[in-house]
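Working notes, structure below.
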Amino acid sequence: MDSDPTGKIWSEWYAWHPVLPIDDTIFWLETVYRRQGPEGLWQYRSFRPEFERRQALTDMPVCPGA
């Protein structure tokens with residue numbers, strides 16, 4: 001069996017707790033992709049296009065709870 005996790009495929013996963021993808025901001029209660037990294041920890045990615053990331057940042061309220 002190949003023990004090199006860098007070639008593992010990303011699998012779709014529903015973030016039922018807050019996670020920080022390596023290519024985006026915090027995701028929670030949304031679909032992200034994950035795989036196990038070389039250290040054995042989960043790595044998360046969103047694979048969202050750049051324009052969707054920018055739009056999400058502009059939609060974020062300035063004050064939490066606003």
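Taken over region 24-39, the criterion of being in contact (Cβ under 8 Å) with a residue 24 or more places away in the chain, assigned to a loop (DSSP other than H, G, I, E, B) and loosely packed, with under 15 Cβ neighbours inside 10 Å is satisfied by THR25, GLY37, PRO38. The conditions of being at pLDDT 85 or above, touching a Pro at 6+ places or on another chain (Cβ under 6 Å) and charged (D, E, K, R) are not met by ARG34.
Filtering region 48-63 to residues that are of a type outside the set (Phe, Trp, Tyr) and either at pLDDT below 70 or assigned to a helix (DSSP H, G or I) (or both) leaves GLU50, GLU52, ARG53, ARG54, GLN55, ALA56, LEU57, THR58, ASP59, MET60, PRO61, VAL62.
The values are calculated or read from the model by the stated rules, or taken from the named source; none is laboratory data. Being a predicted model, the structure only gives us computed values, none of them experimental. When we count neighbours, we look across all protein chains shown, and the Cβ atoms used for this are built from the backbone with ideal geometry, even at glycine.
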